[in-house]
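This report concerns only the one structure given below.
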Amino acid sequence: MIVAGLLGLAIGSFLNVVITRLPAHRSLWGPRSACPGCGASIAWHDNIPVVSFLALRRRCRACGMSISWQYPLVEAVTALAFAAAWWAFGPGIDFLVATILLSALIAITAIDLRHQIIPDLITLPGVVAGVVANLATQRVPWLESLLGIAVGGGLFFVIILASGGGMGGGDMKLGAMLGAFLGWKVVLFSVFVAVVLGGGLALGLLASGKRGRTDPIPFGPFLAAGGAIGLFLGERIVTWYLSGFGV
Ligand SMILES: [Zn+2]
């Protein structure tokens, strides 16, 4: 689990590159990371996940500009997610699939929070990856994976038509991606969790007066959280739910 967590720290560091560069259409593979303030390239010893952020007291070594909390947060969350995936799935291909899905969800969450978009460059390959992963692992039968794309995407398609633009096409593609990975039953559970979490927060913000009725709240982070909860608990909860009805 510790090794999985350390791997998560390293992948989280790469996810920060994705989160910073993908929406700006910059290459993920080069040039090496530089301070956005002064352009000084960042030495390897100042680029160690979480540790460097603390050692530098969240300031660039060259110009003193403050470093975003995004960097250590994404690294720490990815480390925890990878450790949890190891704990839940153990060594094997299920762990690999879980870490791919969790990495995509973490990148999508940060990008949606910062830019209010969910990039097709993650969700569309994600749909294919979900089907391929299930063909390889047999964790979700292939038909349930394909139905998951229809259900996860279709739900949002209906919401977009009904609400006249309250929800974006990015949410629909993320729903389809979750369906491909989790299958149609668990994706229904994931969307339900997302609606409860998102609705709860929206009501809280409205009640506290922090947000008005018309201020948009990105739904991607809630859907990503619902997807992660579905990954870890979905099968068990769906089985429990169905058994309660004698199916
Ligand atoms: Zn700087």
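Odds and ends about this structure:
- Here the chain exposes an accessible surface that is 71 percent carbon and sulfur, computed with a 1.4 Å probe and the other protein chains kept in place.
- Shape analysis of the range 7-49 places it in the oblate category; the axes a ≥ b ≥ c from the Cα gyration tensor give an a/c of at least 1.5, with a/b not above b/c.
- Accessible surface area normalised per residue over the range 170-233 is 45 Å², counting heavy atoms of protein chains with a 1.4 Å rolling probe.
- Scattering profile of the range 131-172 at q = 0.17, 0.21, 0.32 Å⁻¹ [log10 I(q)/I(0), Debye over alpha-carbon scatterers]: -0.52, -0.64, -0.96
- Shape parameters for the chain, alpha-carbon atoms, Rg then Dmax in Å: 19.1, 65
- Phi angles across the range 37-45 convert, under the Karplus curve 6.51 cos²θ - 1.76 cosθ + 1.60 with θ = phi - 60°, into 3J(HN,Hα) values of x, 10, x, 5, 6, 9, 5, 4, 6 Hz, Gly and Pro given as x.
- Euclidean distance of C-alpha centroids, the range 57-103 and the range 12-45, integer Å: 16
- Rounded to 10°, Cα long-axis angle of helix 142-163 versus longest principal axis of the chain: 80
- Considering helices alone, the calculated mean residue ellipticity of the chain at 222 nm is -23000 deg cm²/dmol, with DSSP H runs of length four and up weighted by -39500 (n - 2.57) and normalised per residue.
The values are calculated or read from the model by the stated rules, or taken from the named source; none is laboratory data. Just so we're clear, the structure is a prediction, and the values are computed from it rather than from any experiment. For accessibility, only protein heavy atoms count, side chains too; no ligands or nucleic acids. Shrake-Rupley method; radii C 1.70, N 1.55, O 1.52, S 1.80 Å.
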